[in-house]
Amino acid sequence: MKRLFATTSILCLAAGAASAEGTLSVYHWFEYMPQELVDKFTAETGIAVTIDTYDSNEAMLASLKAGKLGQYDVAVPADFMVAIMAGEGMLDTFTPEEMTNLGNIAPQWLDVPFDPGRKSSIPYQWGSTSFSVNRDVYQGDISSLGIIFNPPDELKGKINVLDSQNEVLILGSLYLGIPQCTTDREQLKALSDMLVEAKQHWASFGSDTAKDVLVSGDAAAGMIYNGFSAKARAEGANVEYSYPREGHVLWMDNVVLLKDAPNRDNAIKFMNFLLEPENAAAVTNYAAYTSGVTGVEPFLDEAIRTSPENNPPADAAPGVFAQVCDDATQQLYDAIWINLKK
Amino acid sequence: MALRSVRHYPGFLAVTVLCLVVLYAPLVVVTAYSFNDSPSITTWGGLSLRWYVDVFTGPEAPRFRAAAWNSLSIAFLAATIATGIATAAALAMLRAGKFKGRSLTFALINLPLMVPEIVIAVATLIFFTMIGFTTGYLTILIAHITFCIPFAYLPIAARLQGIDGSYEAAARDLYATRAQSFFLVLLPLMAPGVVSGYLLAFIISLDDFIITNFVKGAGMETLPTAIFGSVKQGIKPNIMAISTLMLAVSILFVTLSYFINRKGR
Amino acid sequence: MAGVGSDSGASAETTYRSARVPLLLPTWLMIGVFLVLPVALMAVYSFLTKEMRGGVIWDFSLAAYDQFFVHRGLFGDEPPTLEWTYISVFGRSIIQAAIATVLCLLIGFPTAWFIATRPPETRGVWLFLVTVPYWVNLLIRTVSLRFLIRENGPLNDALMGAGVISEPLALINTDFAVQLGLFYSYLPFMVLPIYAAVERYNFTWSEAAADLYATRWVTLREIVLPIVRPGIVAGCLLVFIPSLGAFLAPNLLGGAKNFMIGSLIEEQFKKSLGNWPFGAAVSMILMSLVLILLMIYARSAARQEAR
């Protein structure tokens, strides 16, 4: 009996050793992590990384629900999706002892509403969503969301908005000064009417194309993510990113530990690796957003560190995260979106 | 009236030229921008080969190589198998008399056309998971064969419908077995339909993103799934370079087949 | 078909009767197992209760079909009337797909004819030339097309340079751009089947018609078209049906301002609406429509054969 026990524990050890230098399965956004960083992780740990990619939070959720949960160790959902996945029981938790680099997380991102106390997720990159304007076309004041929702004549018919329910409806709500997840009929009706009215002045809905339409000149103004706008500027478009006075949308992509992760230990190693300032900075230099890790500044490219898109003016109105509404309320927002795009 | 002139319709040449211009004009853009020095696909920054260098030696080069290989091998296998299946089905549908369930089979063959891709994608993934298939190369191949069948079938059937039965009858009168008369008489007559069907199945498989993205396993990539990396970062010119390389490969095939054809004559 | 083509002996029509089952077995197996079963599952899903943001709860519900057909207002408390939202999405998609199909036919038929009348050894090359562009991914082709037709793009520059127009054409983000994109996405699917049918055409029939003083266009209409009809029908099916569910061209070229069938369904599975039963129900309704269309075609083809 004792021998059997010994054999078993040796087997367990062997299995442990194998997984320590084994593999890691990452479910990630397209083009969101530099290959050099993946190679560095493999060089440091001997763990071979396979990456599978998705193109929207919902596509990731759909394919995990359709049966891929248990195939991946980590995924990179946005803030509201972390809350949804946690609610669905799709996330595993880690302890502070395991996540030795937990202390590297910037204080304001340590205790977040979508993962209180950071038990399942670590920050990957965060940024904001508002709009940019081509300054060759329009030189006026761009400090209000009215540029998108009640545009001046110069911009009418030349506006691209993100093809994303969350961003459009939250920015619209900010413009009207109504809270998220409201159930007040008058407010919802006003939001719906305002959007339908504004849509006449929009040229297109497009998320993937948000940068290209600004660079090519197809659109003179457009809702956009801050890092994306920085890239448009880097490509030569004279665009200015606005932090409007009504507020803007904040988002954060997070690395989460998935339930039934086949290589849980390696996933923890990977997450710790991403919390090293140098590695977090490498992602930022690649993606042009902002990391949620302290001490990254020395490793950042100068252009990224000082970009106006990543550094809101001191007096900018605060940003808001997308809230997860209850099902009945969400139905109303879905109906507004369908009505807008019917 | 001479034979040539009944074949000739005024304006058809012009339309063909127009057709080719329309087909190739966007490719001129793709090729031109693959040599663009700027990291943008909408502004011009001078001539450069940097994106080709990036495709072959850049950090993502192994990924692109694997993706290109997967795409081409899956398209080749899926088109070949689907064309075989479709040819057999066409014979049964058009050369085996009337039978019960013929309309139903016709609908079945065309079913992959009728179901929106995203629905096939989600449904197939759920199904594979239910029966315990691990997603990977094989699941992509199975899914591709399935949705390629109607694209191969329709041109083959259209062709077979126009083939006079007397050729086969003559072959059978000369004591050819059914297999002999198929391979020596019917198949050569069907060839344009089979080639058309094969080509359509091939490009449909090569192009598929939605279904592949759902049924592929971790670490598996095809060119479309590698290319759709545009979402967060915008399309980079190295994708233009890859596309141009794919064009070059396909034109190489055309040229080769032309010369093989001529030599064979 | 009946007139010219069906002088085929009854024996050839039934040559493969005894082999029918083995010939059809691969098709039945592949599509039956790997498509019918998953689609049947989706059909079941369309009658289940939605889970918010994707997924289903296994409780029977007609909510998806109710949402499609019955209008109850934003807050669901108005007296029920017929819902036009989704019917108009279908109408819009059908019109766009139909226009794209006609465009493909107008350009594709002459092209197929031209290729089929080339010397036999060059036909293969022409066919390849039509499919070569499709080695480049549809996304890239569509983005490039967008680049070509945009307001200050090469097409407008060229037309203005040639003095054809004085103001740039506003093509981008219009219905016409969507039709152009669909046309461009599916052109070979029209050309190749028609080619396969025309190649078989016996030109002595045209000569006979010409001897009887029929003009070329009369010959085309009265003799050629009926004979190559199977190819035309196949081409139209291959262009029309995929166009119905397409979303890349509408999104990238049309500006995605209004749902098309493809984007409506996609939004249920891949985007924020996340309503699987509704997405499944829309697919089932689309499938039923196309199925009815196909059955009508199959019946009429069968009747023609019987004649």
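Compared with the direct C-alpha span, the chain from C:Leu225 to C:Met160 gains 19.5 nm at full extension, assuming 0.36 nm per residue. Of the residues A:Trp337, A:Asn254, A:Phe273, the one whose Cα sits farthest toward the positive end of the charge dipole of segment A:247-342, with +1 on the Cβ of Lys and Arg and -1 on the Cβ of Asp and Glu, is A:Trp337. Label sites at C:Phe203 and A:Glu154, each approximated as a point 7 angstrom past Cα along Cα to Cβ, lie 6.3 nm apart.
Across the protein assembly as shown, the convex hull enclosing all Cα atoms gives 205 Å³ per residue. For segment C:86-270, the convex hull spanned by the alpha carbon atoms encloses 159 Å³ per residue. Label-to-label distance, B:Ala66 versus A:Ser144, with points set 7 angstrom from Cα along the beta-carbon direction: 5.3 nm. Charge dipole of chain B (Cα centre as origin; +1 on each Lys and Arg Cβ, -1 on each Asp and Glu Cβ, all else neutral): 660 debye, rounded to the nearest 20. Counting neighbouring beta carbons within 10 Å and listing from fewest to most, the residues A:Ser173, A:Ser121, B:Ser196 come out as A:Ser173, A:Ser121, B:Ser196. Each distinct pair of alpha carbons in segment A:38-182 adds a 1/r term; the inverse of their mean, the Kirkwood radius, is 18.9 Å. Label 7 Å along Cα→Cβ of A:Gln108; segment A:291-318 residues with amide nitrogen under 13 Å? Residues passing the 13 Å test: A:291-294, A:310-318. Sorting A:Met85, C:Met42 from the fewest to the most surrounding beta carbons within 10 angstrom yields C:Met42, A:Met85. Model label sites at A:Thr182 and A:Gln35, defined 7 Å from Cα along the beta-carbon direction, differ in position by 4.9 nm.
Shown in residue order for segment C:279-294 are the 3J(HN,Hα) couplings computed by the Karplus curve 6.51 cos²θ - 1.76 cosθ + 1.60 at θ = phi - 60°: x, 5, 5, 4, 5, 5, 5, 4, 4, 4, 4, 5, 4, 4, 4, 5 Hz (x for Gly and Pro).
The local environment of A:Lys119, defined by Cβ-Cβ distances under 14 Å, has a net charge of -3 under the rule Lys, Arg +1 and Asp, Glu -1.
Could you work out the longest stretch of chain C that avoids the chymotrypsin sites (Phe, Trp or Tyr not before Pro) located in DSSP loops with at most 16 other Cβ atoms within 10 Å? Intermediate values should be presented prior to the final figure.
Working: sites that count: C:Phe75, C:Trp84, C:Tyr213.
After excluding every exposed loop site, the longest remaining stretch is C:85-212.
For C:Gly231, what is the net charge nearby, where nearby means another residue's Cβ is under 12 Å from its Cβ and Lys, Arg count +1, Asp, Glu -1? Here the count lands on +2.
Please give the contour-minus-distance gain from A:Asp301 to A:Lys189: 0.36 nm per residue of separation, less the Cα-Cα distance, rounded to one decimal in nm.
Values: separation 112, 0.36 × 112 = 40.32 nm, distance 4.59 nm.
Using 0.36 nm per residue and subtracting the Cα-Cα distance, I get 35.7 nm.
I'm checking a number: the convex hull volume of the Cα atoms of chain B, normalised per residue, in Å³. What is it? Don't skip to the end; give the middle numbers.
On the way: hull volume 54.9 nm³, N = 265.
Dividing the Cα hull volume of chain B by its residue count gives 207 Å³.
Which translational diffusion coefficient, to the nearest whole µm²/s, is obtained for segment C:191-289 from the Stokes-Einstein equation, given a Kirkwood hydrodynamic radius over C-alpha pairs, 4 °C and 1.567 mPa s? List each step's numbers first, then the result.
Details: Rh = 16.7 Å.
Answer, rounded: 78 µm²/s.
Once R0 is set to 45 Å, what does the formula 1/(1 + (r/R0)^6) return for the Cβ-Cβ distance between C:Arg72 and A:Asn238, expressed as a FRET efficiency to the nearest 0.05? Efficiency, from the Cβ-Cβ distance: 0.40. When the inverse distances between all different Cα atoms of segment A:23-102 are averaged and flipped, the Kirkwood radius reads 13.9 angstrom. Where the centre of each part is set by its Cα atoms, how far does segment A:106-122 sit from segment B:78-141, in angstrom? The two parts, judged by their Cα centres, are 47 Å apart.
With viscosity 1.306 mPa s and temperature 10 °C, the Kirkwood radius over alpha carbon pairs of chain A converts through Stokes-Einstein to a diffusion coefficient of 74 µm²/s.
As an exercise, use a Förster radius of 56 Å and the Cβ-Cβ distance of C:Leu37 and B:Ala14 to find the FRET efficiency, rounded to the nearest 0.05. Could the numbers behind the result be given before it?
Numbers: r = 49 Å, r/R0 = 0.87.
Calculated value: 0.70.
Under the criterion of Cα pairs below 8 Å and six or more residues apart, the relative contact order for segment C:86-270 equals 35 percent. Less than 5 angstrom separates the built amide H of C:Leu48 from those of C:Ser61, all sequence-distant by 5 or more or on a different chain. Distance between Cα centroids, segment A:250-301 to segment C:83-130: provide it in whole Å. Going from one Cα centre to the other spans 49 Å. Electrostatic tally near C:Thr219: other residues with Cβ closer than 12 Å to its Cβ, Lys and Arg +1, Asp and Glu -1, net 0. Annotation: the antiparallel percentage among DSSP beta bridges lying fully within the protein assembly as shown is about 65. Of A:His201, B:His8, the sequence from fewest to most neighbouring Cβ atoms within 10 angstrom is B:His8, A:His201. Residues whose amide H lies under 5 Å from that of A:Gly319, counting only those 5 or more places away or on a different chain, are A:His248; hydrogens are built 1.01 Å from N in the peptide plane. The phi torsions of segment C:34-47, fed into the Karplus equation with coefficients 6.51, -1.76 and 1.60 and a -60° offset, translate into couplings of 8, 10, 4, 4, x, 5, 4, 4, 5, 4, 4, 4, 5, 9 Hz, rounded to whole numbers, with Gly and Pro shown as x.
Taking amide H as placed 1.01 Å from N in the peptide plane, the amide H of A:Ala75 sits under 5 Å from that of A:Tyr27, A:Val256, A:Leu258, each at least 5 places away or on another chain.
Values in this text are rule-based calculations from the coordinates and carry no lab data. In this text, all values refer to a predicted model and were calculated from it rather than measured experimentally. Don't worry about glycine lacking a Cβ; one is built from the backbone with ideal geometry, like all the others, and counts go over all protein chains shown.
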